[in-house]
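Enquirer: Please read through the structure below; I'll follow up with questions.
Each value in this text was obtained by applying a stated rule to the coordinates, not by laboratory testing. The shown structure was predicted, so the numbers you read here are calculated from the model rather than taken from an experiment. FYI the Cβ positions are ideal-geometry reconstructions off the backbone, even for glycines, and counts take in every protein chain you see.
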């Protein structure tokens, strides 16, 4: 295994660990951390004491200057912490991408300021404390009078502390590094429309258009031919004498054709719901609700011109949710609502069934959540055993 | 009877023309898109328009829109719409034109039962209403509660009434006597609190209006 961080380095045989550079790197990390803290205390501590000792006018002026200085230094300190992190972590830590507009409006900037303050005060003190425990305390213990027989246990403690020092130092350095990485690194949402996101969108787009194409091909091709075949069979039936064996065969063929057409129609409908394209989401949901074995009250009031991808996602979410309700809930009634709030479409499906819906149980819920996530939305489910069940989906709709 | 056929698939269009001619109707025009249909009807008003839903130019519900447009201009023009899918919304858009007289909405599959299809053509041309059983089933499902009070037999009768069948046809379909059908029809009307004694085509519309009022 390639070792990239101080923590990983500790996961080997003690002697081998001691022969690596990692304990020294960790030591350097903590020393610079503590030094930085001392430096900042001097830089900011002096004006602060002026604040206390000087008159009120001086106090206000210095106070404001101090706050501005701390905030201004924040991003610099954060950059420095990122650099310092390389001492105990080979993986560089990229800065979160700068959003358009002022840097002071980005959450990452304020996270950096906060962390810099924490690093310069609390974390630096802890750095110093760990160094003291590992090195200063043993030295003090050794310095205790050797002629005092009671002091020997203290010397043993000192030896042990010193021997453990490489691990103590590296443990804390690793913890501090992990904290730094978590706070100062870019977060999921801040990646914005990054490569992964653009790729997914394109994939969904390609998937949707391919599905539409298959639907069109089936509609214009196989379906039309089968229907036309039905007409030919019907005409042939007219020529066959009633009650003859041929007439029976033809009736039989017509019935089989009817079943084939019905199956094909369900397949095509699943691929690309015509009602959605022709009459909008509300009508398509009404249509689905009418197919559900549980009576469903539909109250969908959304703008006519939803972006097609939002409408399609909403439709599949509601269809799947109603299918689940029909199959598993044993509900007596269910309801569907759809509303637009600001730039979100909010969909809710409720039923008074037995509850206990579990996304992990292999129902369509996991797939549903995935689909919603791909559209950049959120899915929440409340389904205690005994019911009722509420599924809530929020889809962004810019 | 003079008929205009609109259907974009040539194969299906020829099949429909052949079928209509077989039943001694005259096809005065057979077109392949919605604007051509509107043009043909304006030039030469037929006794019946038989049209597909999905057609050029948009390849969406152009045929249905053309049908609704034609009926709005001329509410007495009988129109029978054939659809690949059951869309209750589309059927209702048609029923909302010209009081629902002389309209029909059927799945394309039904054409294979040529005698029933020929009867539907006649009924629509005569000012009647024909709805696909599948559409009726969906409408009935939406009115669940009161429909639940009907016996299974009465529900069958309700379905057939909503499809536009006469008492005689209902009797033949369910293999019942005329008297028995009459009894079931009266029971349905009483239980659903419908205006009693509406006869013939008025009865179909009363049933449909009741089914649709429950949304």
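Enquirer: Given a Förster radius of 35 Å and the C-beta distance between residue B:45 and residue A:220 as r, what FRET efficiency does 1/(1 + (r/R0)^6) yield to the nearest 0.05?
Expert: 0.70
Enquirer: Angle between the Cα long axis of helix A:107-118 and the longest principal axis of chain A, 0 to 90 degrees, nearest 10?
Expert: 30
Enquirer: While we're on this one: In nm, to one decimal, how far is the modelled label at residue A:212 from the one at residue B:59, with both set 7 Å along Cα→Cβ?
Expert: 1.0
Enquirer: Give me the three principal axis extents of the protein assembly as shown from the C-alpha atoms, as integers in angstrom, largest value leading.
Expert: 127, 52, 48
Enquirer: Ratio of chain B's C-alpha Rg to 2.2 N^0.38 Å, to two decimals?
Expert: For chain B, the normalised Cα radius of gyration is 1.02.
Enquirer: Would you mind checking segment A:249-292 for residues with the amide N under 13 Å from a putative spin-label position 7 Å along Cα→C-beta of residue A:236?
Expert: It comes to A:249-257, nothing else.
Enquirer: Also: With labels modelled as points extended 7 Å from the Cα through the Cβ direction, what inter-label distance (nm, one decimal) is found for residue A:181 paired with residue A:304?
Expert: 5.5
Enquirer: For segment B:28-106, restrict the atom set to alpha-carbon positions and state the Rg and Dmax in Å.
Expert: 11.3, 31
Enquirer: Give me the angle, in degrees from 0 to 90, between the Cα long axis of helix A:365-374 and the longest principal axis of the Cα atoms of chain A, rounded to the nearest 10.
Expert: Helix A:365-374 and the main axis of chain A meet at about 70 degrees.
Enquirer: Among A:60, A:285, A:113, whose mean-square fluctuation peaks in a Gaussian network model of chain A (Cα, cutoff 10 Å)?
Expert: A:60
Enquirer: When a footprinting reagent is the concern and you count Cβ atoms within 10 Å, what order do A:29, B:105 take, fewest first?
Expert: With the fewest neighbours first, A:29, B:105 line up as A:29, B:105.
Enquirer: What is the angle, in °, between the Cα long axis of helix A:22-53 and the longest principal axis of the Cα atoms in chain A? Nearest 10 is fine, range 0 to 90.
Expert: For A:22-53 against chain A, the angle is about 80 degrees.
Enquirer: A further question follows. Report the antiparallel proportion of the DSSP beta bridges in segment A:275-396 as a percent, rounded to a multiple of 5.
Expert: Beta bridges within segment A:275-396, antiparallel portion: roughly 80 percent.
Enquirer: Can you tell me how much longer the chain between residue A:340 and residue A:32 gets when fully stretched, taken as 0.36 nm per residue apart minus their C-alpha distance, in nm with one decimal?
Expert: Gain on extension, residue A:340 to residue A:32, equals 105.5 nm.
Enquirer: Using a Gaussian network for chain A with springs between C-alpha atoms less than 10 Å apart, which of these wobbles most: A:247, A:206, A:366?
Expert: It is A:247.
Enquirer: Can I ask one more? Could you list the residues of segment A:145-183 with an amide nitrogen less than 20 Å from a label point located 7 Å from the Cα of residue A:15 in the Cα-to-C-beta direction?
Expert: The answer is A:163-167, whose backbone nitrogens lie closer than 20 Å to the label point.
Enquirer: Which semi-axis lengths, in whole Å and largest first, follow from the square roots of five times the eigenvalues of the Cα gyration tensor of segment A:196-271?
Expert: Ellipsoid half-lengths, sorted descending, are 41, 10, 5 Å.
Enquirer: Using only DSSP helix segments of four residues or longer, with each worth -39500 (n - 2.57), what per-residue ellipticity at 222 nm results for chain B after dividing by its residue count and rounding to 500?
Expert: Mean residue ellipticity, 222 nm, calculated: -16000 deg cm²/dmol.
Enquirer: Continuing with the same structure: Defining a contact as two alpha carbons under 8 Å apart and six or more residues distant in sequence, what relative contact order in percent does chain A show?
Expert: 11
Enquirer: What is the average number of partner chain Cβ atoms found within 10 Å of a Cβ in A:290-297? Mind showing how you got there, number by number?
Expert: Details: counts 10, 3, 1, 1, 1, 5, 3, 0.
So the per-residue partner count for this stretch is 3.
Enquirer: Taking the alpha-carbon centroid of each part, what is the distance from segment A:289-316 to segment B:24-59 in angstrom?
Expert: 33
Enquirer: Using only Cα atoms, locate the centre of segment B:156-171 and the centre of segment A:126-158, then give the distance between them in Å, rounded to an integer.
Expert: 102
Enquirer: Regarding segment A:6-191, what whole-number volume in Å³ per residue does the convex hull of its Cα atoms give?
Expert: Dividing the Cα hull volume of segment A:6-191 by its residue count gives 137 Å³.
Enquirer: Give me a single rounded figure for B:61-69: the average over its residues of other chain Cβ atoms within 10 Å of their Cβ.
Expert: Neighbouring Cβ atoms belonging to other protein chains average 1 per residue here.
Enquirer: Sorted from fewest to most neighbouring beta carbons within 10 Å, what does the list B:108, B:183 look like?
Expert: B:183, B:108
Enquirer: Could I ask something else about it? If R₀ is 41 angstrom, what is the calculated FRET efficiency for the pair residue B:2 and residue B:209, using the beta carbon separation as r and rounding to 0.05?
Expert: Computed FRET efficiency for residue B:2 and residue B:209: 0.85.
Enquirer: Run the helix sum for chain A: -39,500 (n - 2.57) per DSSP H stretch of 4+ residues, divided by residue count, reported at 222 nm to the nearest 500 deg cm²/dmol.
Expert: Counting only the DSSP helices, I get -20500 deg cm²/dmol.
Enquirer: If each residue of separation counts as 0.36 nm, what is the full-extension length gain between residue A:70 and residue A:262 once their alpha-carbon separation is subtracted?
Expert: 61.9 nm
Enquirer: Give me the inter-chain shielding for B:97-109: mean count of other chain Cβ atoms within 10 Å, whole number please. Each step should come with its number before you reach the end.
Expert: Numbers: counts 0, 0, 0, 0, 0, 0, 0, 0, 0, 0, 5, 9, 13.
Going residue by residue through B:97-109 and averaging, the value is 2.
Enquirer: Using Cα pairs under 8 angstrom and six or more residues apart, how large is the relative contact order of segment A:59-172, in percent?
Expert: So the answer I get is 22 percent.
Enquirer: Can you give me the distance in nm between label points at residue A:382 and residue A:361, each placed 7 Å from the Cα along the Cα-to-Cβ direction?
Expert: Placing both labels 7 Å along Cα→Cβ, they lie 1.9 nm apart.
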